[in-house]
Amino acid sequence: MIDITEYLDDKIKALAQHRSQVGRYYLSETYTRWRAAGEGWKTFPIYAAAGRTFEALTPSLMLLQHP
């Protein structure tokens, strides 16, 4: 879990630049703010109550094959 409070507005602006994705609820400002706050309430309720927002990062595994 990463605290993105100071970057949330920039994230919303970046998502708005994806013009071909207009109308997708999961890229809206409302949903992005709700999701960022919700992640905090699940894991760090004390910080969420103070207005902090979080991004839940899911690690991925990339396997490279050598030639």
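All of the numbers you see were taken from the coordinates with simple rules; none came from a lab. Keep in mind that what you see is a predicted model, and the values were worked out from it rather than measured. So basically every Cβ, Gly included, is an ideal-geometry build from the backbone, and we count neighbours across all protein chains shown.
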Given (1) 74; (2) 67; (3) 61, which label gives percent of Cα pairs over 13 Å apart as computed from the coordinates? (2)
Cβ neighbours within 10 Å, averaged per peptide: list 8-21, 32-45 in order, most packed at the top. 32-45, 8-21
